[in-house]
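Structure first, then comments.
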Amino acid sequence: MTLGDRGEADAILQERCLNCLHFYDVVLLDLSFHAFSQKPDGLELLPEVRKAQSDAEIIVYSSLDDLQTIATVRSLGANNFLSKNKCSYEAVIVKVGEALRRRASRRETIEQGRELAESVGAVFVSQAMRDVFVQAALARRNERAHVLIQGPTGSGKELIASAIGNVKGRPFVAINCANIAENLIESELFGHERGSFTGADRSSSGVFSAANGGTLFLDEVGCLSKRAQEGLLRVLQNGEFKRLGSSATQRVKVRVVAATNDPLDEMAKGGTFRTDLLERLGSVRIAVPPLNARRADIEPLIRHFLAKHGRKELAIEASCLAFLCDYSWPRNVRQLENVVGNMVSRVTGTELEVGDLPEEFIAEVADQSAAQTAPSPAPAVMRAGATFVEIPDGTSLDDAHLIVTRNMLIRACERVGEKTSVRAIADELKVERGVIGRRLKDLGLNSLQDLFPAQSSAEASPQ
């Protein structure tokens with residue numbers, strides 16, 4: 001399809017967006033929509049094309065072929081750039097064919113990423129994690145490449161490593177470098193002969209020998225000593241090492257998957273981590289985003305953890321869900337799982353409520369909020385839906401729950417407007433109708449109208 005007008009292009013994109021279709025495999029985009037115009041309309045359109053056609057191969061084809069333009073179109077999401085001044089139409093056709101084959105290959109890899117995620121029980125809906133598992137699928141296929149997984153503690157690096165390296169019929173060995181004393185790490189990695197050091201009352205083959213023919217997962221690789229780094233580099237370069245106390249060379253074929261939350265690039269610049277080792281380990285890099293960068297995954301993770309605890313029938317009250325989804329989760333998925341597990345052990349009703357949140361977690365949230373606010377004292381803030389609710393200092397947890405509940409009901413009534421009813425509010429807040437009645441009773445109210453006492457008084461007063 002050829003589009004000769006910006007408005008026509010906008011209309012086509014709008015139609016595809018509204019129908020939620022990623023319709024095009026390849027988009028060939030000019031930067032100038034009018035022959036006599038120097039205005040690069042395509043630069044404005046390119047981000048919209050990328051947003052509407054997130055999986056498409058976008059090739060920019062333009063006579064504006066200076067370095068700045070090429071760099072700009074790449075930064076805006078183009079996969080490739082072809083110069084009208086240097087590329088014949090025949091060459092363009094060849095490039096489009098190559099892009100179609102890449103698109104088909106990527107579609108296959110996306111499916112492999114989905115299957116890989118399912119195989120390790122990963123739970124997510126976010127595009128960020130879909131991309132992570134696409135990278136993991138590519139890394140799993142490229143068995144000769146070592147992999148470096150970087151991300152904050154508790155974000156799921158071990159799960160990604162398992163997805164990449166746990167291949168049926170091949171060894172997968174995992175160790176946490178942070179849990180091994182510095183004077184023992186070399187022995188753990190490469191093994192030792194009996195009597196090679198004090199306490200070595202028997203020989204050990206080491207994890208590299210155990211992982212021969214498969215994958216070795218080194219968690220917290222940034223904790224390795226300089227000497228251990230040197231030994232690790234030698235294995236990655238030559239596939240060989242010597243056990244402590246032995247002069248015999250051991251040969252192995254092992255793919256290393258390393259993980260860390262340490263800033264290895266900064267450590268390499270500072271001299272605490274070998275640059276050459278980082279280059280070897282990081283031939284493939286996968287960045288796992290923190291949970292607060294993929295908030296869409298929080299609710300499905302909560303429901304997954306409820307099922308894991310055998311309580312998948314539990315509902316989650318709207319204000320409680322909003323609170324959990326808005327929290328920053330500094331310790332990521334691991335922290336969320338712990339909080340949900342704690343709530344499950346406390347809940348007495350049929351749904352999780354703000355009142356079921358563990359006291360130590362609420363205290364941590366309060367401390368974090370206080371640290372982020374200005375030095376002057378300020379009331380605690382809890383979010384309910386799309387508005388913020390001030391909680392006065394000294395308020396008990398139960399009273400804070402009532403304040404948030406009242407605000408949620410008021411805001412729901414305002415959104416529903418003239419159609420306000422218990423059923424309408426229940427539908428708006430995605431709860432059963434009986435929940436609304438119980439919440440009103442908790443607040444000491446008989447009806448939704450009692451949420452607006454001034455209005456009720458005005459209606460009752462004589463004219």
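Among the candidates L291, L301, L306, L216, which residue alone is at pLDDT 95 or above, within 18 Å of H146 (Cβ to Cβ) and of a type in the set (A, V, I, L, M)?
L216
When the residues of segment 138-149 are narrowed to those that are among the hydrophobic types (A, V, I, L, M, F, W, C) and either surrounded by fewer than 21 Cβ atoms within 10 Å (Cβ to Cβ) or under 10 Å from the mean Cα position of the chain (by Cα) (or both), which ends up nearest to S54 (Cα to Cα)?
The extreme case among them is L138.
Kindly evaluate V73 against the criterion of being part of a helix (DSSP H, G or I), surrounded by 15 or more Cβ atoms within 10 Å (Cβ to Cβ), over 34 Å from the mean Cα position of the chain (by Cα) and not assigned by TED's automatic domain parsing to the domain that holds R140.
Taking the combined requirement at face value, the residue does not satisfy it.
For the structure I just gave you, tell me whether V60 is touching a residue at least 24 places away in the same chain (Cβ under 8 Å) and not in a helix (DSSP H, G or I).
yes
So, in segment 131-158, exactly how many residues are out of contact with any strand residue (DSSP E or B) (no Cβ under 8 Å at 6 or more places or on another chain), more than 21 Å from E111 (Cα to Cα) and in a helix (DSSP H, G or I)?
Here the count works out to 0.
Scanning for something at pLDDT 95 or above and closer than 21 Å to V132 by Cα, does segment 221-231 turn up at least one residue?
yes
Between a residue in segment 400-417 that is assigned by TED's automatic domain parsing to the domain that holds Q449 and closer than 12 Å to L440 by Cα and any residue that is surrounded by 19 or more Cβ atoms within 10 Å (Cβ to Cβ) and among the basic types (K, R), which pairs come within a Cβ distance under 8 Å, given they are 6 or more apart or on different chains?
T405/R439; L409/R439
Has segment 126-149 got at least one residue that is of a type outside the set (S, T, Y), in contact with a Phe, Trp or Tyr (Cβ under 7 Å, 6 or more places away or on another chain) and at pLDDT 95 or above?
no
Within segment 96-130, restricting attention to residues that are over 30 Å from G151 (Cβ atoms) and crowded, with 17+ Cβ neighbours inside 10 Å, which residue is farthest from the chain's Cα centre (by Cα)?
For segment 96-130, the residue satisfying everything is V96.
Quick one: which of L218, L233 is over 24 Å from the mean Cα position of the chain (by Cα) and within 17 Å of C177 (Cβ to Cβ)?
Every option except L233 fails the conditions.
Yes/no per residue for (1) part of a strand (DSSP E or B); (2) acidic (D, E); (3) surrounded by 21 or more Cβ atoms within 10 Å (Cβ to Cβ); (4) in the same structural domain as R334 (by TED's automatic domain parsing):
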{"site": "Q250", "(1), (2), (3), (4)": "yes, no, no, no"}
{"site": "A258", "(1), (2), (3), (4)": "yes, no, yes, no"}
{"site": "D265", "(1), (2), (3), (4)": "no, yes, no, no"}
{"site": "D276", "(1), (2), (3), (4)": "no, yes, no, no"}
{"site": "R280", "(1), (2), (3), (4)": "no, no, no, no"}
{"site": "I302", "(1), (2), (3), (4)": "no, no, yes, yes"}
{"site": "F305", "(1), (2), (3), (4)": "no, no, yes, yes"}
{"site": "K312", "(1), (2), (3), (4)": "no, no, no, yes"}
{"site": "S319", "(1), (2), (3), (4)": "no, no, yes, yes"}
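Has segment 28-49 got at least one residue that is at pLDDT 90 or above and either in contact with an Asp or Glu (Cβ under 7 Å, 6 or more places away or on another chain) or of a type in the set (V, I, T) (or both)?
no
When you check D66 against the structure, is it farther than 30 Å from A163 by Cα, of a type outside the set (K, R) and either in the same structural domain as V27 (by TED's automatic domain parsing) or crowded, with 17+ Cβ neighbours inside 10 Å (or both), yes or no?
In short, yes.
If V235 meets every condition in (1) crowded, with 20+ Cβ neighbours inside 10 Å; (2) in contact with a Gly (Cβ under 9 Å, 6 or more places away or on another chain); (3) hydrophobic (A, V, I, L, M, F, W, C) apart from one, which number is that one?
Checking V235 against (1) crowded, with 20+ Cβ neighbours inside 10 Å; (2) in contact with a Gly (Cβ under 9 Å, 6 or more places away or on another chain); (3) hydrophobic (A, V, I, L, M, F, W, C), the one that fails is (2).
When you scan segment 119-130, how many residues do you find that are within 17 Å of A296 (Cβ to Cβ) and part of a helix (DSSP H, G or I)?
4
Looking at A174, is it assigned by TED's automatic domain parsing to the domain that holds A259, touching a helix residue (DSSP H, G or I) at 6+ places or on another chain (Cβ under 8 Å), farther than 24 Å from S54 by Cα and modelled with pLDDT under 95?
Spelling it out, it is not the case that A174 is assigned by TED's automatic domain parsing to the domain that holds A259, touching a helix residue (DSSP H, G or I) at 6+ places or on another chain (Cβ under 8 Å), farther than 24 Å from S54 by Cα and modelled with pLDDT under 95.
Name the residue that is surrounded by the fewest Cβ atoms within 10 Å (Cβ to Cβ), counting only residues in segment 352-403 that are within 24 Å of L306 (Cβ to Cβ) and at pLDDT below 80. Please lay out each step first, then the result.
First, pick out the residues of segment 352-403 that are within 24 Å of L306 (Cβ to Cβ): 352-365, 382-385, 397-398, 400-401.
Next cut, at pLDDT below 80 only: 382-385, 397-398, 400-401.
Values: M382: 22, R383: 16, A384: 23, G385: 17, L397: 12, D398: 10, A400: 18, H401: 24.
Per the criteria, the residue is D398.
If only one of A99, A137, A161, A181 is out of contact with any helix residue (DSSP H, G or I) (no Cβ under 8 Å at 6 or more places or on another chain) and without any contact (Cβ under 8 Å) to a residue 40 or more places away in the chain, which one is it?
Working: A99 fails: without any contact (Cβ under 8 Å) to a residue 40 or more places away in the chain; A137 fails: out of contact with any helix residue (DSSP H, G or I) (no Cβ under 8 Å at 6 or more places or on another chain); A161 fails: without any contact (Cβ under 8 Å) to a residue 40 or more places away in the chain.
Answer to the selection: A181.
Report yes if some residue within segment 334-342 is out of contact with any His (no Cβ under 6 Å at 6 or more places or on another chain) and farther than 22 Å from V123 by Cα; otherwise report no.
No; the residues of segment 334-342 include none that is out of contact with any His (no Cβ under 6 Å at 6 or more places or on another chain) and farther than 22 Å from V123 by Cα.
I want to confirm something. Restricting to segment 178-213 and keeping residues that are part of a loop (DSSP other than H, G, I, E, B) and crowded, with 19+ Cβ neighbours inside 10 Å, which single residue is nearest to the chain's Cα centre (by Cα)? Working first, answer last.
So in segment 178-213, the residues part of a loop (DSSP other than H, G, I, E, B) come out as 180-184, 191, 193-203, 205, 211-213.
Of the ones still in play, those that are also crowded, with 19+ Cβ neighbours inside 10 Å are 191, 211.
Working: G191: 37, A211: 29 Å.
Residue satisfying both the conditions and the ranking: A211.
The values are calculated or read from the model by the stated rules, or taken from the named source; none is laboratory data. Everything quoted here is computed from the prediction, not taken from an experiment. Note that each Cβ is placed from the backbone with ideal geometry, even for glycine, and that neighbours are counted across all protein chains shown.
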